[in-house]
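Provided herewith is a single structure, encoded as structure tokens, for subsequent inquiry.
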Amino acid sequence: MADLTADLGFIKLKNPVIPASGTFGYGGEFLQFFDLDLLGAFVMKGVYTDERGGNEPPRIWETPSGLLNSIGLAGPGAEGLTKIIKDVASKTSTPIIVNVCGGTDEEYLEVARILDVMKEVAMLELNISCPNVRAGGSCPAQSSSDTRRVVKLVKENTEKPLIVKLSPNVSDISSIARSAEEAGADAISVVNTFLGLALDIEKRKPVFKNFFAGLSGPAIKPLALKIVWEVANAVSIPVIGIGGIMTGRDVLEFILAGAAAVQTGTVNIVEPTGSVRIISETLELMDELKINNLEEIRGGLKI
Amino acid sequence: MADLTADLGFIKLKNPVIPASGTFGYGGEFLQFFDLDLLGAFVMKGVYTDERGGNEPPRIWETPSGLLNSIGLAGPGAEGLTKIIKDVASKTSTPIIVNVCGGTDEEYLEVARILDVMKEVAMLELNISCPNVRAGGSCPAQSSSDTRRVVKLVKENTEKPLIVKLSPNVSDISSIARSAEEAGADAISVVNTFLGLALDIEKRKPVFKNFFAGLSGPAIKPLALKIVWEVANAVSIPVIGIGGIMTGRDVLEFILAGAAAVQTGTVNIVEPTGSVRIISETLELMDELKINNLEEIRGGLKI
Amino acid sequence: MKEEECRVAANTIIQGRYYLMKIESAYISEKSKPGNFVMVAVSGSNDPLLKRPFGIFKIDPPYFYIYYEVVGRGSKLLASKKEEDRVMVVGPLGNVFPEYENENILFVGGGRGIAPLYFAIEKYSGSNNISLIYGARSKEDLLFTEELKKFPLKETAFYTDDGSGFTKGLVTTDIKEIINRNGINVTFSCGPDKMFESLNEEIGSLGIRNFVSLEAFMGCGFGICYSCVVKGSDGKYKKVCSDGPVFRMEEIKWQT
Amino acid sequence: MKEEECRVAANTIIQGRYYLMKIESAYISEKSKPGNFVMVAVSGSNDPLLKRPFGIFKIDPPYFYIYYEVVGRGSKLLASKKEEDRVMVVGPLGNVFPEYENENILFVGGGRGIAPLYFAIEKYSGSNNISLIYGARSKEDLLFTEELKKFPLKETAFYTDDGSGFTKGLVTTDIKEIINRNGINVTFSCGPDKMFESLNEEIGSLGIRNFVSLEAFMGCGFGICYSCVVKGSDGKYKKVCSDGPVFRMEEIKWQT
Ligand SMILES: Cc1cc2nc3c(=O)[nH]c(=O)nc-3n(C[C@H](O)[C@H](O)[C@H](O)COP(=O)(O)OP(=O)(O)OC[C@H]3O[C@@H](n4cnc5c(N)ncnc54)[C@H](O)[C@@H]3O)c2cc1C
Ligand SMILES: Cc1cc2nc3c(=O)[nH]c(=O)nc-3n(C[C@H](O)[C@H](O)[C@H](O)COP(=O)(O)OP(=O)(O)OC[C@H]3O[C@@H](n4cnc5c(N)ncnc54)[C@H](O)[C@@H]3O)c2cc1C
Ligand SMILES: Cc1cc2nc3c(=O)[nH]c(=O)nc-3n(C[C@H](O)[C@H](O)[C@H](O)COP(=O)(O)O)c2cc1C
Ligand SMILES: Cc1cc2nc3c(=O)[nH]c(=O)nc-3n(C[C@H](O)[C@H](O)[C@H](O)COP(=O)(O)O)c2cc1C
Ligand code: FES
Ligand code: FES
């Protein structure tokens, strides 16, 4: 049987499948469906310093094979989150990743510091790529200098391994990924959602109050796979591939494109046991194709 | 009954639905399915000066609600095309648009000149955004200066209305659209396909010899709609909206986003009578929503 | 709650746009209580991507029923399922109507909103004094009236907006009289948003316990995507899927 | 050719992964000739997006039949269709096998490649002397042998790769003898690419007329997307859907 271990350098995961931020609640909600120990790791919903209500509904919209969302990072705030983390950590030994958000550099730093001291947190994921908070979908991950500054600030003031989550809504993802690497990122996760628009003909209005929203789900997979390949070729730190993963085959495609592990997003929303199915499918497909371990194919594209 | 006329300024079309380049052959192939006079206009498959064979197969790949293609602009060359144009023009009075391609500035110019003198050609569409010819998917539409230069060159040496087709694979579409406008474009059509990647796990190879391919179809609709809205707000020339249109509702969404007309692409491949269905659906929906004409809603988003 | 592939045991058109689907699931049929709902996959493909929420209409282990109206693409696909087809179902989801004994309960159903109420009426009518107000656009939309009449109901009032088949009126038309006449101290209602708004105006301040079962467009159905929110009277958003779908009327911030 | 919504009159499993679908279309059933194919929508949604090509196996106006193997998602969805379901179909598409009279024709079918040949055998066996070689992986993949034997065939040879049920061998094993014995001057073949490669090596230079019916992954099926190309022996690409699917063997650039 194939070895599913995913090596991020600073940590080895039992398998490469990590439910993504915002699509897995705080983890505990899934205990009713399966044992969290089955997962490689999981990422909590993004958090700011303060408690937030999130955006006015509607917050999601279905598109062909995709999902637009404008949740707006509703949540309990970093302090509130620490209690939730302790609770779920008592129920699983799977590494917990916290998705760190901020409206300003200071907020990023504050959130990161609060969570950095928690032994229950394995890694921080710096979400500099959320399209649903600022006007027009802007975020630090859209510029190399903003990326460098925020990453450096957080990295210099925290101890935990730092994953930096990038946005696909840029023209030169490679240079942004390199900026994150230079600033001290331990890994890159891509992609966050693509900016999209939904309109309501009846009301002659945008569906979302925030106007743009973020597209995720299988629709974006070919676009995400391209970006993951580009980033994996641009940096030497591990890359976590994200975007429309629905099957074990998708996982192996992202690994082949150069990812060391993957995050599964929308699938958790539409199929609560989806990530667990994906793990078994990955194993089965590896056995079928006689792939002994992920390193054997990681980035191993014959061109 | 609603008035379907679509006004591009330099020409009035009987309706806003224009089958897109590369998805409608040279028009004549559809005569067996319906009368071409039903269409607003149609765009022929892209053409270079010389006859071309196109890329090595596979040339298409199915993705969730989408299609990746790497056709590589197979075709008869501009001279060869003139005969085909004459033939189809004798069978319809619907305006014919030719999609002008080039590997160099000179080639764009040469192709445009050959077709500019044909009375059967109503407009030229300058395809500076094909991702399937050059390595890495690059094209003039990725830079404002290249866009300006090529558009200017062709516009100054031709008489026909010039539509410039832009690529979505850029970070600042607005400035590129403005460059095209400043250089003399009479209209902008967006979007061409999004760059994506498909991998073959069995062979550990990219599916396409050209590596990247262009994503089209309903999967991209929310992304395309966003870009069309941006471009319509950036320029004052008419915008032709393209991307994943499958229904009459989609057409009205693009008009609401600011498009003066639309192009239908992938739908023609998967459903030969799709564009005609879309025209009737548009009319029905306008009647249902008591929209008298397209100008009534064009760009009329209440924000 | 569980995610299961279930057998469609029957899927029959009741009338017009309304269907009844009988689904086999020992787990869901045994665990469900009135108020619970399920998320049902309407296609086996990525398009449409989301499961759709439907209230549990009735149970008969190992079967449960959903009663649904065809309103869009998803419900249309569901209507095309045939016996022996398989559907992915997640459930039972959400909270439930509180279980009372010896109370005078009024059920208020609008259109397909009768679905979760039917289950509650069946279950609670033995141990409580029950009355029912049930209205819809026309008699084509007011289904199961004969079946409902078989329950031991103190008073029943059926209305149609257009007066077809039944009394012309809204569910609120005679509600205060019915409440007084039957000494109602609890109401359970489900229907369109506009019905709730009127209900809130009419009976929101009578000092009785009013429970509403809400609908919202849902992503996950079990509380993790934060997409199905309604504004609470405390100004905070509540998730319809996991904080609800049953709320006390005063918990919700109504428009009017 | 036409795009039509057609009624599924029957969809039956023949054996293992193999199905026969009977589809109602006066137009397609009357216009189709051996070699033609149809594009069939496997789902009513955007995913999977493309229609799938299937050869016409048999006609019986107003019905036509397709015989198909479940190999992936699309064909699996097709297998799930039930009687009375509706499918969108485009057809008839492509070119046809040339119509001969009084020739000694050999049909060579590999696996599901028998589909378009069956139609041709039925149609041409009256006016020509016909022989048949038909092979597949195992007897589970070699269907319709009894039905085929009912046609007036001069010689028939059935093979399986693993020797199950029939002679162990490939369609090329005895082909030269069969050609000589029956004075064959025309062959019509359909099967996997590897079969064509071997056929080309064995009989490509015998100086007889060899026609092959090719498969390719298709977008449109009627010549407009340029996606289904194969390299011709002249170095130019040919579209399988509209230049073919039937080609003279020497028109194609074979690997070997
Ligand atoms: C807890 C619960 C229980 C329910 N129980 C029942 C039941 O028992 N029987 C029953 O018939 N129905 C029930 N519903 C409603 C049912 O879920 C919907 O009718 C169904 O999901 C519609 O799906 P569709 O694909 O057919 O329609 P769609 O095509 O998805 O849309 C139908 C309507 O919803 C609107 N809509 C689509 N997307 C959004 C969005 N993101 N935000 C807001 N509006 C949107 C559309 O504009 C349209 O008006 C229940 C809903 C909930 C939340
Ligand atoms: C003219 C013609 C006639 C045919 N007649 C018949 C018939 O009568 N009976 C029959 O059973 N079959 C027939 N076929 C084959 C049939 O069309 C395929 O088996 C079917 O389309 C497979 O669809 P699927 O969704 O089940 O499989 P898919 O999941 O789409 O794929 C099946 C196989 O195709 C490969 N594939 C997928 N996409 C591509 C691509 N872009 N390029 C290359 N390979 C790809 C996959 O890797 C996989 O191996 C015919 C094909 C053609 C072209
Ligand atoms: C409803 C929803 C909420 C999300 N919230 C967050 C978030 O809080 N932080 C974050 O970094 N990404 C968030 N994302 C993005 C996902 O983590 C993921 O990057 C994206 O959905 C692409 O993956 P997918 O196609 O598998 O869904 C969210 C996505 C969705 C659909
Ligand atoms: C098979 C195929 C071939 C195409 N060829 C061309 C082309 O020659 N010139 C061009 O400008 N665009 C070409 N396109 C892009 C389309 O014209 C259109 O911009 C794109 O497909 C997006 O629209 P859609 O989502 O409706 O398909 C092609 C698209 C496809 C799918
Ligand atoms: S539907 Fe996801 S939180 Fe309610
Ligand atoms: S399938 Fe489109 S040209 Fe052949």
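Would you mind calculating the gained length between A:M1 and A:D200 on full extension (0.36 nm times residue separation, minus the Cα-Cα distance), in nm to one decimal?
66.6 nm
Sticking with this structure for a sec: What is the sum of charges around A:A185, taking Lys and Arg as +1, Asp and Glu as -1, for the other residues whose C-beta is under 13 Å from the C-beta of A:A185?
Details: positive: A:R148, A:R149, A:K152, A:K155, A:K160, A:K165, A:R178; negative: A:E125, A:E156, A:E181, A:E182, A:D186.
Its environment carries a net charge of +2.
Per 10 Å bin, what percent of the C-alpha pairs of segment A:6-296 does each bin hold, from zero upward?
7, 31, 39, 20, 3, 0
Now for a separate question. I want the local charge near B:V228. Using Cβ-Cβ distances under 14 Å, sum +1 for each Lys or Arg and -1 for each Asp or Glu among the other residues.
Summing Lys/Arg as +1 and Asp/Glu as -1 gives +1.
Hey, which lysines would be in cross-link range of B:K14, C-alpha to C-alpha under 20 Å, not counting anything within fewer than 8 residues on its own chain?
Excluding near neighbours in sequence, the set is B:K91, B:K119, B:K160, B:K290.
Quote the FRET efficiency, to the nearest 0.05, computed for A:F10 versus D:F217 with a Förster distance R0 of 56 Å and r equal to the Cβ-Cβ distance.
For A:F10 and D:F217, the calculated efficiency is 0.85.
Going by the rotation axis that takes chain D to chain C, pick out the residue of D with the closest C-beta and quote the gap in whole Å.
Taking Cβ atoms only, the nearest residue and its distance are D:D47, 2.
Share of Cα-Cα pairs in segment C:134-220 beyond 14 Å, in percent?
Numbers: 2566 of 3741 pairs.
Everything past 14 Å amounts to 69 percent.
Would you please classify the overall shape of segment A:146-270 from the alpha carbon gyration tensor, given that a ≥ b ≥ c denote the square roots of the eigenvalues, rounded means a/c under 1.5, and beyond that prolate means a/b larger than b/c while oblate covers the rest?
On the way: a/c = 2.18, a/b = 1.40, b/c = 1.55.
It comes out oblate by the Cα gyration axes.
In chain C, once you exclude exposed trypsin sites (Lys or Arg not before Pro) (DSSP loop, at most 16 other Cβ within 10 angstrom), what's the longest stretch remaining?
After excluding every exposed loop site, the longest remaining stretch is C:151-235.
Compute, for chain D, the length of the dipole vector about the Cα centre, with Cβ point charges of +1 (Lys, Arg) and -1 (Asp, Glu) only. Units Debye, rounded to 20.
Computed about the Cα centre, the dipole is about 320 debye.
What distance in nm lies between label points placed 7 Å from Cα along the C-beta direction at D:D60 and A:K91?
Here the answer is 5.9 nm between the modelled labels.
Would you please give the FRET efficiency between A:S138 and B:R149, computed as 1/(1 + (r/R0)^6) with r the Cβ-Cβ distance and R0 = 25 Å, to the nearest 0.05?
So the FRET efficiency works out to roughly 0.25.
Could you state the number of Å between the C-alpha centres of segment A:6-47 and segment A:126-198?
If we compute the Cα centre of each part, the gap is 21 Å.
Quick one: what do you get for segment C:104-251 if you divide its Cα Rg by 2.2 N^0.38 Å?
Cα-based Rg divided by the globular estimate yields 1.04.
Along Cα-to-Cβ, 7 Å out, sits the label point; list in nm, shortest first, how far the one on A:L31 is from those in the other copies.
Shortest to longest, the spacings are 7.1 nm.
Also, I was wondering about something else. 7 Å along Cα→Cβ for the label point: how many nanometres lie between D:I208 and each equivalent label in the other copies, listed shortest first?
For D:I208, the other copies' label points sit at 9.0 nm, shortest first.
Please compute the modelled spin-label separation between D:Q255 and C:K2, points set 7 Å along Cα→Cβ, answer in nm with one decimal.
Placing both labels 7 Å beyond Cα along the Cβ direction yields 4.8 nm.
The protein assembly as shown: percent of C-alpha pairs farther apart than 50 Å?
Above the 50 Å cut-off, the protein assembly as shown has 31 percent of its Cα pairs.
When the chain is fully extended, how far beyond the present Cα-Cα distance does C:K231 get from C:K168, taking 0.36 nm per residue of separation?
19.4 nm
Just to verify a number: FRET efficiency for D:K33 and B:E156, C-beta to C-beta distance, R0 = 45 Å, to 0.05?
For R0 = 45 Å, the calculated efficiency reads 0.25.
Also, I was wondering about something else. Loop-only check: which GluC sites (Glu not before Pro) in segment D:80-183 are DSSP coil with at most 14 other Cβ within 10 angstrom?
Loop-located and lightly packed - D:E83, D:E84, D:E99, D:E101.
Okay, moving on. Give the residue from D:L170, D:F222, D:V96 lying farthest towards the positive end of the charge dipole for chain D; charges sit on Cβ (+1 for Lys and Arg, -1 for Asp and Glu) and the dipole is referred to the Cα centre.
Positive-end residue among those listed: D:F222.
Relative to the longest principal Cα axis of chain D, at what angle does helix D:114-124 sit, 0 to 90 degrees, rounded to 10?
Tilt of helix D:114-124: around 70 degrees.
Something else about it: What are the label-to-label distances in nm, one decimal and shortest first, from B:V117 to the same spot in the other copies, with labels 7 Å along Cα to Cβ?
8.1
Pulled fully out, how much extra length does the chain show between C:I208 and C:T145, if you take 0.36 nm times their separation in residues and subtract their Cα-Cα distance? Don't skip to the end; give the middle numbers.
On the way: separation 63, 0.36 × 63 = 22.68 nm, distance 2.63 nm.
Length difference between fully extended and current span is 20.1 nm.
Kindly provide the trypsin sites (Lys or Arg not before Pro) of segment B:122-191 that DSSP labels as loop, not H, G, I, E or B, and whose Cβ sees at most 16 other Cβ atoms within 10 Å.
Taking segment B:122-191 and a limit of 16 other Cβ atoms within 10 Å, the loop trypsin sites (Lys or Arg not before Pro) found are B:R134.
Then there's this: Please arrange C:F57, D:F144 by counting, for each residue, the other beta carbons lying within 10 Å of its beta carbon, fewest first.
Result, fewest neighbours first: D:F144, C:F57.
Obtain the radius of gyration and the Kirkwood radius of segment B:168-235 from its C-alpha atoms and give Rg over Rh.
Working: Rg = 15.3 Å, Rh = 13.7 Å.
Looking at segment B:168-235, the ratio lands at 1.12.
May I ask for the distance between the Cα centers of segment C:18-78 and segment D:80-130, given as a whole number of Å?
So the separation of the two Cα centres works out to 44 Å.
So, one more: Report, to one decimal in Å, the Kirkwood hydrodynamic radius for segment D:2-93 based on all distinct Cα pairs.
After inverting the mean inverse Cα-Cα distance, the result is 12.8 Å.
Could I ask something else about it? Among B:W229, B:L283, B:I297, which residue has its Cα positioned farthest towards the positive end of the charge dipole of segment B:227-303, with +1 placed on the Cβ of Lys and Arg, -1 on the Cβ of Asp and Glu, and the dipole taken about the Cα centre?
Selected residue: B:W229.
None of the figures in this text is laboratory data; all of them are computed from the coordinates on show. Note that the structure is a prediction, hence the values are computed from the model and not measured. Virtual Cβ from ideal backbone geometry, glycine too; neighbours counted across all protein chains shown.
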